[in-house]
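Engineer: Here's a structure for you.
Every read-out reported here was derived from the displayed coordinates using simple, explicitly stated rules and does not represent laboratory data. All figures in this text were calculated on a predicted structure; none of them were measured in a lab. Every residue, glycine as well, gets a Cβ built from its backbone with ideal geometry; the counts of neighbours run over all protein chains shown.
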Amino acid sequence: MIRKTLKEIVRQGETDLEEAARLRRIMEKRQADIMRDPNVGWLADMIMETLHIEPLEEGKEKKIREARYYLTLLAPRKKGDVFDERNAVTQGVTPEEIQRAKEIPIEHFCEFGRNKKGLCVFHNEKTPSMHLFSNNHAYCFSCSKGGDSISIYRAIYECGFIDAVKALNKI
C-alpha cells in the first residue's frame, strides 16, 4: 500500500512537471503575438505563470525525490544484499553490534559539506549529489542508491557486512 502511494506521488509529480513544461512552451510560442501589444503582454505572462505553471511545479521535484528515496528503502533486495542477523550471530556479530554500527554517524567516514551534500560513494562524479539525512541515512539523487552507515561503509571500503560492522564498532 505504501509503495503504491509513493509510486503515485512520483507519477503525479512527473505528470505535473511535464504539464508545466508544456504550458511554458505554449506561452513562449504565443509570446510573439503578446509582445505586439505591450500593454497586455506582461499581464498575460504573469497570469499564465501564477495561475497555471507555478501550482504545477511548486515543490514537485522535492516530493518526487523524497518519494523515490522512500521507495528505495522499501524496495525488495537482491539475494545477498540483505544480511540475515542470524547468520551474523553465528559469525561473531551480535544484533547489538549491528545496531551500534548503524548508529555511527556517516560523517565520521564520509565527507559532507555544511549543506549535507557530498560526492556519491556508489559512482564517480564531480558535483555532489549524495544527501545526508537527519536519520543517518544517505541517498544519491543521481544514481538512486543509498543506505545506512553500514551500507555506505561497505561501498567506500568494498568489504563485507561482518567486516563493516566490526570496523564501525571500532570507531
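Engineer: Please list, or write none, the lysines whose alpha carbon is within less than 16 Å of the alpha carbon of residue 63, excluding same-chain residues fewer than 8 places away.
Structural biologist: Partners within reach: 4, 7.
Engineer: Can you put 157, 69, 139 in order of Cβ neighbours within 10 angstrom, beginning with the fewest?
Structural biologist: By the 10 Å Cβ count, ascending, the order reads 157, 69, 139.
Engineer: Each residue of segment 58-67 in order: what ³J(HN,Hα) in whole Hz does its phi give by Karplus 6.51 cos²θ - 1.76 cosθ + 1.60, θ = phi - 60°, with x for Gly and Pro?
Structural biologist: Using θ = phi - 60°, the values come out as 3, x, 5, 4, 5, 4, 4, 4, 5, 5 Hz.
Engineer: Okay, moving on. Taking a cut-off of 19 Å between Cα atoms, list the lysines near residue 166, but don't count ones fewer than 8 places away on the same chain.
Structural biologist: Candidates past the 8-residue exclusion: 102.
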